[in-house]
Amino acid sequence: MIRFALPVALAIAAPAFAAEPGVAQVQAHLRAVTSMTADFAQTDAKGKTLTGTLTLKRPGRIRFQYQPGVPLLIVGDGKALTMIDYQVRQVSRWPVGNSPLSLLLDPDRDMSRYARLLPEVVPGRLQVEGRDPKHPEFGTITIAFTRAASAPAGLMLAGWNVADAQGNRSTVTLSNQRFNVAVSDRTFQWRDPRPQLRGR
């Protein structure tokens, strides 16, 4: 079984951060995006990188299709995220609300309640941090956006970084982003590898 830090393996609660203009711009971007496709590169704490394609369609659907030869698939249906490991025929599910991807999949949530804008270190790059100080075991996620006049609300999702309570980090970088493109609902179907169940 292949083991590495998943791009979504982090729980986030909702501490109260003060609203900030940058957070409001990020929320405006998310609300303006109905669908998105992108290439992704995922790097774990040991420097191992896997690539693949990301497809997002609101409300709440997302798919991480890994590169050929990697027997993993992650699909979100709006309520839960499902990880399918075809090598060991295992299926795992957890609520979207217990994942940092809830920041991206539910633009109607008030981000100011559980996220804050970090100081702008690189010109033209915004970073939003989500964490729960009452539960440090949940870790921290930092989502990065670049300013782009042609992108929805002037921002482009660039990727995210997850750090768990032990200091392990996983970074996802996006490229070739395309917004508000036609995406079939069939994109979010998946084949169940468990022999006792019928495939989806």
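The values are calculated or read from the model by the stated rules, or taken from the named source; none is laboratory data. Everything quoted here is computed from the prediction, not taken from an experiment. When we count neighbours, we look across all protein chains shown, and the Cβ atoms used for this are built from the backbone with ideal geometry, even at glycine.
Among the residues of the range 164-172, is there at least one that is assigned to a loop (DSSP other than H, G, I, E, B), small (G, A, S) and either at pLDDT below 75 or surrounded by fewer than 17 Cβ atoms within 10 Å (Cβ to Cβ) (or both)? Give the derivation first.
To start, the set of residues in the range 164-172 that are assigned to a loop (DSSP other than H, G, I, E, B) comprises 164-168.
Then drop every residue that is not small (G, A, S), which leaves 165, 167.
If we keep only those that are either at pLDDT below 75 or surrounded by fewer than 17 Cβ atoms within 10 Å (Cβ to Cβ) (or both) as well, we get 165, 167.
Taking every residue of the range 164-172 in turn, at least one turns out to be assigned to a loop (DSSP other than H, G, I, E, B), small (G, A, S) and either at pLDDT below 75 or surrounded by fewer than 17 Cβ atoms within 10 Å (Cβ to Cβ) (or both).
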Could you please find all residues in the range 146-179 being polar (S, T, N, Q), in contact (Cβ under 8 Å) with a residue 12 or more places away in the chain and on the phi < 0 side of the Ramachandran plot?
T146, N161, N168, S170, T171, T173, S175, Q177
Enumerate the pairs (first residue in the range 22-40 and of a type in the set (K, R); second residue anywhere and at pLDDT 90 or above and buried (at least 16 other Cβ atoms within 10 Å of the Cβ)) with beta-carbon separation below 9 Å, excluding pairs fewer than 6 apart on the same chain, so at least 6 apart or on different chains.
R31/P152; R31/A153
Which pairs turn up if I take residues in the range 185-200 that are closer than 15 Å to G76 by Cβ and look for partners that are small (G, A, S) and modelled with pLDDT of 90 or more with beta carbon separation below 8 Å, at least 6 apart in sequence or on another chain?
F188/G76
Please enumerate the residues belonging to the range 78-92 that are closer than 23 Å to V181 by Cα and crowded, with 17+ Cβ neighbours inside 10 Å.
L81
Can you confirm whether T187 is in a helix (DSSP H, G or I), at pLDDT 85 or above and either touching a Leu at 6+ places or on another chain (Cβ under 9 Å) or among the β-branched types (V, I, T) (or both)?
yes
If I go through the range 55-92 residue by residue, how many of them are touching a strand residue (DSSP E or B) at 6+ places or on another chain (Cβ under 9 Å), more than 22 Å from R131 (Cα to Cα) and among the basic types (K, R)?
4
Considering A149, A182, which residue is surrounded by fewer than 19 Cβ atoms within 10 Å (Cβ to Cβ), at pLDDT 95 or above, out of contact with any helix residue (DSSP H, G or I) (no Cβ under 7 Å at 6 or more places or on another chain) and part of a loop (DSSP other than H, G, I, E, B)?
A182
